[in-house]
Amino acid sequence: MTQDIQNGSTGTTLMLIIGESQFILDGQVIRVDAGRSVHQAAIAYIAQAASGPVQVTAVDDGGTQQLQVGPDGSVTSVGTAPVGQGAEREGSVTPTGQGPTTSTDRGVPAKRAISPTGETHGNAPDSAHSPTAAPDPQPSDQNSRTPYANDARTPYAPATAQPVAAVAPQEVPQSRAERRASMTFLPGTDEAFSGMATPAKVGGWHGFLQSIGLEKKVKGPTPEQITERAELRAISQHWAGPRTIAIVNPKGGAGKTPTAVLLAAMFARWGGAGCLAWDNNETRGTMGWRTEQGPHEAHVRDLLGAADDLMRPEARAADLAAFVHHQTEDKYDVLRSNPRSIAPEERLTSADLDALHRVAARYYRLIFIDSGNDESAANWLRMIEHTDQLVVATTTRPDHAEAARLVLDDLHAQGQAAAQLADDAVVVVAHADQNEAPGGEYLARFEQLARAAAPIPYDPGMRAAHLRLDGLRPDTQVAWRHAAALVAGGLGTQGQTV
């Protein structure tokens, strides 16, 4: 690694990924002491080993920055005017903030970014707003919509919505009383949250570069941060009444368990406690193997035996801890199946499923059910009747995708309620093997069959023995955040099944 940094001036570009307490430099993990800036530690690490300017592609959960790091610790963003030998760098400073802090727009191409609300951000030229300006070119490659279209390490950025021309309503004169009733000096909820009412702290690379004087201070959040806040707000809300999310695909190995676990983790991390991941699998379900075990070995059969007691008025929420396994990092609970028993011993009837769901709905606000593989099983069919939001999990393998398509098709034959679930489904498409082609084509097709489709990039952390959000790369966490926000978008209008 040191040799790579020393040779950085020959044209090598290093890949730097920033995490919460560590950074990854071209595959090498370097941990950072608590309380120290990970961004600053990464720059100092590169500078210490560099013999000349080093080109760096720097990634964090706020986006990607192209940087040049000098052996003196100076940082220059791509687009800054070239520096001659011994000349003072424009827009370059050391990580400690020493050195010239003058920034310039020379050599920086004008950029225009459109937020999810259609607003324009950044220092776009006046011609961008001119009626004669040429429209932005539309990508022709379907894969450009995925987080891994060009490089598996490129962070996911949800496609921004195109602004829709609004039709001006006819003005209706208001009386003075009506104006008084509708007027307020307080910001709206959306304004306050997005940071338009109060300047918000800018994080990520933008915040780091601003803190050392390399970027001009900007008012308000970046487009990426606006998207992040909107998605986190969707995930963090609480609905009136419990919601059940079923994760389905009749093909084994299609990603149902990781999808159930990581969606539960995302909602619990950002929305607070009250999230349950339930392994409704009678054929040796592995959710218990992929998650943290509590101080006992209880599983779904144990909870079923105690269901009546847990529904008594005197039952306490803490009593449930004897039957579920709390995830100490990601803050949700797991209801395990029994992987040591054969299927006939573990099959649940419709009445069993109802009893378990009554308990879950009493103690949890969000219930994520990993459905198993048998669509004809009584517990699978009854689960669908309790479902508020359907999630179909698949990988980029053709057989997994075809099974996902067929389950959507089969639900249309099971009545109006099941057909509506299929139409409103969210399909999660995981790039499970880095040797497979990206999933742009899969996304395009599933978006025609369901309400939305969400891509998940290839990540070795998805194969870990225990699934944790912090075990995934920043771009993968962003992709799961986007998937969770899509799921949240279907929960507000659904019925409350108990």
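The values are calculated or read from the model by the stated rules, or taken from the named source; none is laboratory data. This is a predicted model, so every value here is computed, not measured. Please note: Cβ atoms are built from the backbone with ideal geometry, for glycine as well, and neighbour counts cover all protein chains shown.
Got at least one residue in the stretch 53-65 being at pLDDT below 85, assigned to a strand (DSSP E or B), polar (S, T, N, Q) and touching a strand residue (DSSP E or B) at 6+ places or on another chain (Cβ under 9 Å)? Within the stretch 53-65, one or more residues are at pLDDT below 85, assigned to a strand (DSSP E or B), polar (S, T, N, Q) and touching a strand residue (DSSP E or B) at 6+ places or on another chain (Cβ under 9 Å).
Return yes or no: is Ser236 more than 23 Å from Arg468 (Cα to Cα) and among the polar types (S, T, N, Q)? It is false that Ser236 is more than 23 Å from Arg468 (Cα to Cα) and among the polar types (S, T, N, Q).
Scanning the stretch 371-415 for residues that are more than 25 Å from the chain's Cα centre (by Cα) and on the phi > 0 side of the Ramachandran plot yields a single hit, Gly415.
For Gly461, are the conditions met, namely being small (Gly, Ala, Ser) and either within 17 Å of the chain's Cα centre (by Cα) or under 18 Å from Arg243 (Cα atoms) (or both)? For Gly461, the condition - small (Gly, Ala, Ser) and either within 17 Å of the chain's Cα centre (by Cα) or under 18 Å from Arg243 (Cα atoms) (or both) - is met.
Every condition in (1) in a loop (DSSP other than H, G, I, E, B); (2) crowded, with 24+ Cβ neighbours inside 10 Å is met by Val334 except one, and the failing one is (1). Listed by position, the helices (runs of 4 or more DSSP H) inside the stretch 394-496 whose residues that are among the β-branched types (Val, Ile, Thr) number at least 1 are 398-411, 474-488. Selection of the stretch 272-285 for residues being surrounded by 18 or more Cβ atoms within 10 Å (Cβ to Cβ) and in a loop (DSSP other than H, G, I, E, B) yields Gly274, Asn280, Asn281, Glu282, Gly285. Among the residues of the stretch 382-393, those that are outside any loop (DSSP other than H, G, I, E, B) and in contact with a Leu (Cβ under 8 Å, 6 or more places away or on another chain) comprise Arg382, Met383, Ile384, His386, Gln389, Leu390, Val391, Val392.
The residues on offer are Glu292, Glu297, and the sole one that is more than 20 Å from Ala377 (Cα to Cα), free of Cβ contacts under 8 Å to residues at least 24 places away in the same chain and either assigned to a loop (DSSP other than H, G, I, E, B) or in contact with a Lys or Arg (Cβ under 9 Å, 6 or more places away or on another chain) (or both) is Glu297. Taking the stretch 361-379 as the range and being within 12 Å of Ala277 (Cα to Cα), aromatic (Phe, Trp, Tyr) and touching a helix residue (DSSP H, G or I) at 6+ places or on another chain (Cβ under 6 Å) as the test, only Phe368 passes. Being without any contact (Cβ under 8 Å) to a residue 40 or more places away in the chain, in contact with a His (Cβ under 8 Å, 6 or more places away or on another chain) and more than 23 Å from Leu366 (Cβ to Cβ) holds for only one residue in Ala419, Ala413, and it is Ala419.
Looking only at the stretch 262-269, decide whether some residue is more than 18 Å from the chain's Cα centre (by Cα), farther than 19 Å from Leu421 by Cβ and hydrophobic (A, V, I, L, M, F, W, C).
no
From the list Ala260, Ala265, the lone residue that is crowded, with 17+ Cβ neighbours inside 10 Å, in contact with a Leu (Cβ under 6 Å, 6 or more places away or on another chain) and not in a strand (DSSP E or B) is Ala265.
Can you confirm whether the stretch 273-280 contains a residue that is within 19 Å of Asp352 (Cα to Cα) and more than 23 Å from the chain's Cα centre (by Cα)? Within the stretch 273-280 (the criterion being within 19 Å of Asp352 (Cα to Cα) and more than 23 Å from the chain's Cα centre (by Cα)), the answer is yes, since at least one residue qualifies. Inside the stretch 1-37, residues that are modelled with pLDDT of 80 or more and surrounded by 18 or more Cβ atoms within 10 Å (Cβ to Cβ) make up a count of 9.
Scanning the stretch 40-49 for any residue that is crowded, with 21+ Cβ neighbours inside 10 Å, at pLDDT 85 or above and assigned to a strand (DSSP E or B) turns up nothing.
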